[in-house]
Amino acid sequence: MTSTSWHRHRRLLLTAPLALGAAAAEFWAMRAPRTLHLPPQQQVVTINPKIGIHTRLTGVGDEGRIRRTLEQVREMGARWIVDLFPWAYVQPRSRFGFDWTGADMVVRHAVRQGLQVIARLDIVPQWARPRDSNDRYLDETHYADFAAYAAAFLQRYRDDGVRHIIIWNEPNLMYEWGRRQPDPASYTALLQVVYPRVKVAVPDAVVIAGALSPGGDLGDNAEVRMGDLRYITEMYAAGAAPWFDAWAVHNYGAQQPHDAPPAPEEVNFRRVELVHDLLTYLGDGHKPIFITEGGWNDHPRWSAAVRPSQRVRWTIGAYQQALTWPWLEAMCLWQFSTPWQTRTYQDNWNFVTADGTPKAIYWAVRDYAVPPDMRR
């Protein structure tokens with residue numbers, strides 16, 4: 001070995017441990033708990049304990065923004081929130097180890113505001129799916145890995161009072177089922193793996209199934225969407241009944257008022273009654289229903305939107321309607337705000353603009369739900 005080669009080799013020997021140490025530090029730092037700046041414990045004041053809202057805070061990463069948003073949710077008189085906690089964010093590299101940083105921020109600030117969290121769990125990390133698949137593709141070979149994540153999530157936040165998890169999102173859609181044909185039997189098989197694992201970890205957990213795209217079949221042989229009522233029926237035929245505690249419904253009003261009568265061919269707000277009737281017919285009418293998305297859009301140029309005044313009236317009417325349904329546990333409409341302004345009709349689902357400015361719909365719900373002497 002030449003003198004030059006020896007010195008180069010010696011430098012590598014000296015620097016390699018430093019590089020490995022730096023890489024290990026970066027790896028473990030991702031998993032190290034971050035100190036949060038939590039406010040004093042708050043309590044929701046509302047005349048309607050079923051009022052909820054779907055937030056979009058996971059992945060924001062700005063603790064100040066998360067705190068302010070959840071303060072606004074509480075001040076509006078909402079008691080429940082739904083948010084997505086992607087599996088891919090918590091276990092991005094492998095089944096070994098967890099990064100709870102983002103989830104901690106949302107859950108613990110929500111709890112400190114007195115809010116009840118319903119956690120939607122889906123989004124598959126790259127290591128758990130084929131190379132050319134989308135992040136909704138969950139193969140049966142990884143059902144156990146997903147179940148382990150669901151159990152770990154509930155174990156982590158059990159002491160915070162979190163009990164409710166939604167298993168997947170709109171599995172009756174081709175896109176949400178990994179660009180595959182919707183398959184109620186496969187979704188049932190997922191529940192059969194998740195449910196016992198979760199119940200062993202947290203016996204009083206509430207495993208929520210469903211959250212289907214509302215409406216009938218779309219596409220040849222329902223390849224784009226299998227109708228929600230058909231999907232439920234085929235799940236029960238596959239033996240789904242023992243493997244969930246509650247059902248989630250996406251309950252959009254389209255361009256009809258909140259009290260328009262339901263019909264199988266209609267997508268409107270009272271379609272949830274058809275879902276409840278079907279669950280009752282199938283022997284599960286005792287299981288509670290959670291509305292985890294729903295509402296109206298008031299974009300001025302979108303063909304499926306309604307007028308802002310209609311949205312306000314029908315939203316208040318919907319929250320009032322919730323009190324008349326004993327089988328409905330919570331109504332979490334879509335959506336509190338987007339993390340950024342999209343400059344499309346998507347902004348007009350919001351109760352609060354992307355910069356945090358409350359819209360008319362926010363003030364209307366607050367005025368309905370919070371007694372005047374209890375408003376900030």
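The values are calculated or read from the model by the stated rules, or taken from the named source; none is laboratory data. Please read all numbers here as calculations on a predicted model, not as lab measurements. Don't worry about glycine lacking a Cβ; one is built from the backbone with ideal geometry, like all the others, and counts go over all protein chains shown. Protein only, heavy atoms only, side chains kept; ligands, DNA and RNA dropped before computing areas. Shrake-Rupley method; radii C 1.70, N 1.55, O 1.52, S 1.80 Å.
Each row is one residue, and each column tells you yes or no for (1) within 19 Å of Ala211 (Cβ to Cβ); (2) crowded, with 16+ Cβ neighbours inside 10 Å; (3) basic (Lys, Arg).
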residue: Pro39; (1), (2), (3): no, no, no
residue: Ile47; (1), (2), (3): no, no, no
residue: Gly52; (1), (2), (3): yes, yes, no
residue: Leu57; (1), (2), (3): yes, yes, no
residue: Thr69; (1), (2), (3): no, yes, no
residue: Arg112; (1), (2), (3): no, yes, yes
residue: Arg129; (1), (2), (3): no, yes, yes
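State whether the residues of region 281-297 include one that is within 11 Å of Pro214 (Cα to Cα), under 20 Å from the mean Cα position of the chain (by Cα) and open to solvent by less than 40 Å² (accessible area, probe 1.4 Å).
yes
So, in region 192-207, how many residues would count as being open to solvent by less than 50 Å² (accessible area, probe 1.4 Å) and outside any helix (DSSP H, G or I)?
4
Between a first residue in region 215-237 that is within 12 Å of Glu265 (Cα to Cα) and a second residue that is among the hydroxyl-bearing types (Ser, Thr, Tyr), which pairs have beta carbons less than 7 Å apart while being 6 or more apart in sequence or on different chains?
Asp228/Ser213
Please work out which residue is surrounded by the fewest Cβ atoms within 10 Å (Cβ to Cβ), limiting yourself to region 133-186 and to residues that are over 19 Å from Gly102 (Cβ atoms) and aromatic (Phe, Trp, Tyr).
Tyr175
Which one is farthest from Arg158 (Cα to Cα), of the residues in region 213-230 that are crowded, with 22+ Cβ neighbours inside 10 Å and touching a strand residue (DSSP E or B) at 6+ places or on another chain (Cβ under 6 Å)?
Restricting attention to region 213-230, the residues satisfying the condition of being crowded, with 22+ Cβ neighbours inside 10 Å are 213-214, 225-226, 228.
Filter once more, so that each one left must be touching a strand residue (DSSP E or B) at 6+ places or on another chain (Cβ under 6 Å): 213-214, 225, 228.
On the way: Ser213: 30, Pro214: 32, Arg225: 35, Asp228: 32 Å.
My answer is Arg225.
Within the set of pairs 6+ apart or on separate chains, which have a first residue in region 336-360 that is at negative phi, a second that is of a type in the set (Asp, Glu) and assigned to a loop (DSSP other than H, G, I, E, B), and C-beta atoms under 7 Å apart?
Filtered contacts from region 336-360: Asn348/Asp298.
Six or more apart or on different chains, Cβ under 7 Å: which pairs go from a residue in region 47-69 that's without any contact (Cβ under 8 Å) to a residue 40 or more places away in the chain to one that's assigned to a loop (DSSP other than H, G, I, E, B)? Could you list them?
From region 47-69, the pairs are Pro49/Arg79.
Listed here are the residues, each with its yes/no results for (1) among the basic types (Lys, Arg); (2) within 19 Å of Trp80 (Cβ to Cβ); (3) open to solvent by 50 Å² or more (accessible area, probe 1.4 Å).
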position	(1), (2), (3)
Trp302	no, no, yes
Arg307	yes, no, yes
Leu323	no, yes, yes
Ala364	no, yes, no
Met374	no, yes, yes
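Determine which member of the set Leu191, Leu173 is touching a Lys or Arg at 6+ places or on another chain (Cβ under 7 Å), free of Cβ contacts under 8 Å to residues at least 60 places away in the same chain, among the aliphatic types (A, V, I, L, M) and under 21 Å from Ala88 (Cβ atoms). Outline the logic, then answer.
Working: Leu191 fails: touching a Lys or Arg at 6+ places or on another chain (Cβ under 7 Å).
Matching residue, one of Leu191, Leu173: Leu173.
Before we move on, is Gly210 crowded, with 18+ Cβ neighbours inside 10 Å and either at pLDDT below 95 or outside any loop (DSSP other than H, G, I, E, B) (or both)? Working first, answer last.
On the way: crowded, with 18+ Cβ neighbours inside 10 Å: yes; either at pLDDT below 95 or outside any loop (DSSP other than H, G, I, E, B) (or both): yes.
When the stated conditions are applied, Gly210 passes them.
Of all the residues that make up region 239-280, how many are in contact (Cβ under 8 Å) with a residue 60 or more places away in the chain, more than 21 Å from the chain's Cα centre (by Cα) and either under 22 Å from Val194 (Cα atoms) or surrounded by fewer than 18 Cβ atoms within 10 Å (Cβ to Cβ) (or both)?
Adding up the residues that qualify gives 2.
With respect to Tyr89, determine if the residue is out of contact with any Asp or Glu (no Cβ under 9 Å at 6 or more places or on another chain), of a type in the set (Ser, Thr, Tyr) and either under 20 Å from Arg34 (Cα atoms) or surrounded by 23 or more Cβ atoms within 10 Å (Cβ to Cβ) (or both).
Numbers: out of contact with any Asp or Glu (no Cβ under 9 Å at 6 or more places or on another chain): no; of a type in the set (Ser, Thr, Tyr): yes; either under 20 Å from Arg34 (Cα atoms) or surrounded by 23 or more Cβ atoms within 10 Å (Cβ to Cβ) (or both): yes.
Spelling it out, it is not the case that Tyr89 is out of contact with any Asp or Glu (no Cβ under 9 Å at 6 or more places or on another chain), of a type in the set (Ser, Thr, Tyr) and either under 20 Å from Arg34 (Cα atoms) or surrounded by 23 or more Cβ atoms within 10 Å (Cβ to Cβ) (or both).
Checking the condition out of contact with any helix residue (DSSP H, G or I) (no Cβ under 6 Å at 6 or more places or on another chain), modelled with pLDDT of 95 or more and of a type outside the set (S, T, N, Q), which residue from Val194, Val202, Val224, Val249 passes?
Just a single option satisfies the conditions, and that option is Val224.
Does any residue in region 87-107 that is within 17 Å of Phe146 (Cβ to Cβ) and touching a residue at least 40 places away in the same chain (Cβ under 8 Å) come within less than 9 Å, Cβ to Cβ, of a residue that is among the polar types (S, T, N, Q) and outside any helix (DSSP H, G or I) six or more places away or on a different chain, and which pairs are these?
Gly97/Gln91; Phe98/Gln91; Asp99/Gln91; Ala103/Thr58
Please enumerate the residues belonging to region 20-56 that are among the basic types (Lys, Arg), over 15 Å from Val107 (Cβ atoms) and at pLDDT 75 or above. It would help to see each step written out before you state the result.
Residues of region 20-56 among the basic types (Lys, Arg): 31, 34, 50, 56.
The next check asks that each one be over 15 Å from Val107 (Cβ atoms); those that pass are 31, 50.
Answer for region 20-56, where residues must be among the basic types (Lys, Arg), over 15 Å from Val107 (Cβ atoms) and at pLDDT 75 or above: just Lys50.
Restrict the check to region 219-229 and report whether at least one residue is closer than 14 Å to Leu121 by Cβ and under 19 Å from the mean Cα position of the chain (by Cα). Talk me through it step by step, then tell me what you get.
Pass one, region 219-229, residues closer than 14 Å to Leu121 by Cβ: none.
No: region 219-229 contains no residue that is closer than 14 Å to Leu121 by Cβ and under 19 Å from the mean Cα position of the chain (by Cα).
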